[in-house]
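The values are calculated or read from the model by the stated rules, or taken from the named source; none is laboratory data. What you see is a predicted model, and the numbers here were worked out from it, not measured in a lab. Methodologically, a virtual Cβ is constructed for each residue, glycine included, from the backbone with ideal geometry; neighbour enumeration extends over all protein chains shown.
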Amino acid sequence: MDSLERLRELCMGLPEATERPSHGEPAWFVRDKKLFVMFADHHHDDRLAFWCAAPPGVQEALVGSEPERYFRPPYVGHRGWLGVYLDVDVDWDAVTEVVRDAYRQVAPKRLVAQLD
């Protein structure tokens, strides 16, 4: 399974998640309204990655500790969003947690409660 398919499976496994293109790339929303993950297939550079919502402080911590895996994405990085490289040896357990945290940032409490 390629990176896009694995990411899609993670995102679509979350309650009331939907997928549609955004800025020419696959993107995942809660109830087709609030974006939580956006695929980045060499969209702004030569790297395969995704961008996602992140809890306060997470972007700085992960980019600071593992810059080979994480980055501050353009356009949304100033809002705390996290970039995750997919063209490295991906730790899919860590990616699962990042995606779930992104979902928790934008989903209503009732949907978040379904995760726990």
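For the reader, a short list of remarks on this structure follows.
- When residues of the stretch 91-116 are limited to those that are of a type in the set (A, V, I, L, M, F, W, C) and touching a residue at least 60 places away in the same chain (Cβ under 8 Å), the one farthest from Thr18 (Cα to Cα): Trp92
- The residues on offer are Tyr103, Tyr70, and the sole one that is of a type in the set (Phe, Trp, Tyr), more than 20 Å from Glu9 (Cβ to Cβ) and out of contact with any Asp or Glu (no Cβ under 8 Å at 6 or more places or on another chain) is Tyr70.
- Test: Ala49 is touching a Phe, Trp or Tyr at 6+ places or on another chain (Cβ under 6 Å), more than 17 Å from Ser3 (Cβ to Cβ) and either modelled with pLDDT of 95 or more or not aromatic (Phe, Trp, Tyr) (or both): no
- If you go through the stretch 28-46 and pick out every residue that is modelled with pLDDT of 95 or more, under 22 Å from Ala94 (Cα atoms) and touching a helix residue (DSSP H, G or I) at 6+ places or on another chain (Cβ under 9 Å), you end up with 7.
- Failed item in (1) at pLDDT 95 or above; (2) surrounded by 12 or more Cβ atoms within 10 Å (Cβ to Cβ); (3) among the small types (Gly, Ala, Ser), with Gly77 passing the rest: (1)
- Residue check for Tyr103: farther than 17 Å from Glu5 by Cα, of a type in the set (Ser, Thr, Tyr) and surrounded by 14 or more Cβ atoms within 10 Å (Cβ to Cβ): yes
- Filtering Ala94, Ala54, Ala61 for residues that are modelled with pLDDT of 95 or more and touching a Gly at 6+ places or on another chain (Cβ under 6 Å) leaves a single hit, Ala54.
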